[in-house]
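Engineer: Input: one structure, supplied below.
The values are calculated or read from the model by the stated rules, or taken from the named source; none is laboratory data. Small disclaimer: the values here were computed from a predicted structure and weren't measured. Here the Cβ positions follow ideal geometry from the backbone for every residue, glycine too, while neighbour counts run over all protein chains shown.
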Amino acid sequence: MNRFISTLLLPLVLAGCFKVEPTAIVPAQRVYSVDEFLAQPDLRKKINAICSNDPGRLGQDSNCINVRRADRIAAAGTLAGMPRFVP
């Protein structure tokens, strides 16, 4: 019984020993709003490239979420999001 409890507690104790750094995009010094990304297409393109390069680690970053939303708004009414049909 003691061995069972110790095998359950060991991972919990070890998990507290490591410091997990929050993920953040290095070039961005702050969190940009969707409106700021819409007003600055160059910045939107740069941050979007960084987010697309590592979506597993940066997918939930605030700037990545905002840049995806700004891309959807900017592409609304265009053919950018439409699938390509080849006859």
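Engineer: When only residues in region 71-87 that are modelled with pLDDT of 65 or more and of a type in the set (A, V, I, L, M) count, which is farthest from the chain's Cα centre (by Cα)?
Structural biologist: Filtering region 71-87 for residues that are modelled with pLDDT of 65 or more and of a type in the set (A, V, I, L, M), the one farthest from the chain's Cα centre (by Cα) comes out as V86.
Engineer: State yes or no: is L9 assigned to a helix (DSSP H, G or I) and modelled with pLDDT of 85 or more?
Structural biologist: No: the conditions fail for L9.
Engineer: Follow-up. Take the residues in region 30-56 that are of a type in the set (S, T, N, Q) and farther than 17 Å from I73 by Cβ; name whichever of them is farthest from the chain's Cα centre (by Cα).
Structural biologist: N53
Engineer: Which one of these is assigned to a helix (DSSP H, G or I) and modelled with pLDDT under 90: R44, R30, R57, R68?
Structural biologist: Selected residue: R57, the only one of R44, R30, R57, R68 that is assigned to a helix (DSSP H, G or I) and modelled with pLDDT under 90.
Engineer: So L14 clears everything in (1) surrounded by 13 or more Cβ atoms within 10 Å (Cβ to Cβ); (2) modelled with pLDDT under 70; (3) part of a helix (DSSP H, G or I) except one condition, right? Which one?
Structural biologist: L14 satisfies every listed condition except (1).
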